[in-house]
Amino acid sequence: MDSTKHVTLEAERPASAEKKEYKDETPKEVRGRMATTPVNRLMLSMGIPMILSMMLQALYNIVDSAFVANIEGVGEQALNALTLAFPVQMLMVAVSIGTGVGVNALLSRSLGQGDRKRASLAAGNGIFLATIIYAVFLIFAFVGIDPYLRTQSANETILGMGHDYLLICCGLSFGIIYYSIFKKVLQGTGRSLYSTIAQVSGAIANIILDPIMIFGLLGFPEMGVRGAALATVVGQMLSLVIALIFHLRLDKEVDNGFKYMKPSKRVIGQIYSIGLPAIISQALMSFMTYFLNIILVQIGENVVTAYGLYYKIQQFILFAAFGLRDAITPIVSYSYGMGSKPRIKDGIRWGMIYTLLIMTAGFAALELFAGPIASVFGLSGETQKLCVAAIRIISFSFWFAGANIAFQGVFQALECGMESLVISVCRQLLFVLPVAWALTRIILAGSAPAALVWITFPVAEGLSCLIAWFMMRRVNRKHGLV
């Protein structure tokens, strides 16, 4: 193989890193942990708290749906309303977390290079960007909700509940948006445990408040889906407050102040060179769900309800993979900033091993308990059957989905945003919507049962994983990791 085709890690560092020697001001305990702890142990110590926090996040989404589904007389309609609202919530999280991913990677790499000022600018500009994001969703809360919902349903009861839910979640979205930034800053400095504490606290608050606000307990008025929305935003605000306190008290290697929040084109460009593919990646989930709702409603509203419920159930597993990815990215990114090829290779290898182990456990759990899980939500007979079928069929995609998520974390860390974006487009648009549309045509023609549509997801994830594997080989050669 022609060695001239390989680009070394040192040659790929930012020009500023080549021209200027930085005084490494990273605290010794952080530098030692990120730079010298064996990668398999470091990934577990950082990843387990993130995994637990993400799984709890998914759990309270499930609990939220379980309470809403049991609202007397309109449970399935309320669940359908939340399904229609879900793409907007995902888009909000996509933009916030994607921006945070960019902040995280830039901050981690800057600390690995000993550049305290750039790390501080990354955190400060992240806060500025969060303010812009909140302003956009606040405007949407007042002018965009009704037009959006009416593209998916004509049922006035469902539309009314969906409007009430989104008005609160978008209008008071500053909690989740700012928390997403501080969460990634804490993770970027190696303090994932504290981001977990903040997220767990918000999730527990949400779970406690859900029944109180939905059904009117302890003197609260019965608010139905509005109560579910209020419980959600209160939990998000609590997570924000706790994460902010931890950041101010513990992130000593990052300076705070308005001068670091002043928008810098260069820093914002660096944040979004990494974060934009992550935003698009997660935003594609939003668009995929939105267009799938439009496709699936042609078969029946119960198919939309079943898919929306399954989507939240599978998040319990996929969010664990996302949590581990949030450990893979800073570890590989820090190692990249150091120029340590062995630690980069270990980060990739152990990240993939741990992810596939998580996916195997998740597959086994859902296959064994599909029926009992679906029965918790009080669905009608046909809707429950569709949900069970979704659990049993779509879960076969977990191994491919987990590998795709891990690959994306590695690509983001190695500044290969385009590769990450390609995977997202493949698994959430290119191989999903056309297949779902074609299977829907077959079902509507009376040639197959409605559950056939669930095959869409194993097909999409499998084909995307094959493409990701080929791209990873090319990235390995580019960075001289083979």
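The values are calculated or read from the model by the stated rules, or taken from the named source; none is laboratory data. Quick caveat, the model's predicted, so the values are computed rather than measured. All Cβ positions, glycine included, derive from the backbone under ideal geometry; neighbour counts span all protein chains shown. What goes into the accessible areas is simple: the full protein's heavy atoms, side chains included, and nothing from ligands, DNA or RNA. Shrake-Rupley method; radii C 1.70, N 1.55, O 1.52, S 1.80 Å.
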note = Sequence order, the range 80-86: Karplus ³J(HN,Hα) from phi using 6.51 cos²θ - 1.76 cosθ + 1.60, θ = phi - 60°, Hz rounded, Gly and Pro as x, gives 5, 4, 5, 5, 5, 7, 4
Global geometry of the range 363-482, whether rounded, prolate or oblate, following the gyration tensor of its Cα atoms and the 1.5 cut on a/c = prolate
Per-residue HN-Hα couplings for the range 269-280 [Karplus 6.51, -1.76, 1.60; θ = phi - 60°; Hz; x = Gly/Pro] = x, 5, 4, 7, 5, 9, x, 4, x, 5, 4, 4
inquiry  = Once you keep just the Cα pairs under 8 angstrom separated by 6 or more residues, what percentage relative contact order results for the chain?
reply    = 24
ask   = For the range 300-374 and the range 412-482, what is the separation of their Cα centres, given in Å?
value = 16
remark   = Here the net charge surrounding Gly124, from other residues whose Cβ is less than 11 Å away from its Cβ (Lys, Arg +1; Asp, Glu -1), is +3
query = Counting pairs of alpha carbon atoms under 8 Å apart in space and at least six apart in sequence, what relative contact order in percent does the range 89-151 give?
reply = 32
query = Angle between the Cα long axis of helix 225-250 and the longest principal axis of the chain, 0 to 90 degrees, nearest 10?
reply = 10
task = May I ask you to order 363-373, 115-125, 194-204 by the average number of other C-beta atoms within 10 Å around their residues, highest value first?
result = 115-125, 194-204, 363-373
inquiry  = Starting from the 7 Å offset along Cα-to-Cβ, what nm value, one decimal, do you get for the label separation of Thr151 and Ser447?
reply    = 2.9
message = Probe radius 1.4 Å, ligands and nucleic acids ignored: give me the carbon and sulfur share of the accessible area of the range 333-471 as a rounded percent.
response = 76
key: Surface accessible to a 1.4 Å probe, per residue, for the residues of the range 117-263, Å²   = 40
message = As an exercise, use a Förster radius of 45 Å and the Cβ-Cβ distance of Thr37 and Leu429 to find the FRET efficiency, rounded to the nearest 0.05.
response = 0.70
query = Of Lys117/Lys478; Lys341/Lys478; Lys117/Lys262; Lys183/Lys345; Lys265/Lys478, which pairs sit farther than 24 Å apart, going by alpha carbon to alpha carbon?
reply = Lys117/Lys478; Lys183/Lys345; Lys265/Lys478
inquiry  = Can you tally the net charge around Gly162? Count Lys and Arg as +1, Asp and Glu as -1, for every other residue whose Cβ sits under 15 Å from the Cβ of Gly162.
reply    = -4
Other-chain or far-sequence residues with amide H under 5 Å of Asp255's (modelled H) = Ser120
note = Scalar couplings 3J(HN,Hα) for the range 355-360 by Karplus 6.51 cos²θ - 1.76 cosθ + 1.60 (θ = phi - 60°), nearest whole Hz, x for Gly and Pro, are 5, 5, 5, 4, 5, 5
query = Counting only protein heavy atoms, what percent of the accessible surface of the range 215-331 is carbon or sulfur at a 1.4 Å probe?
reply = 68
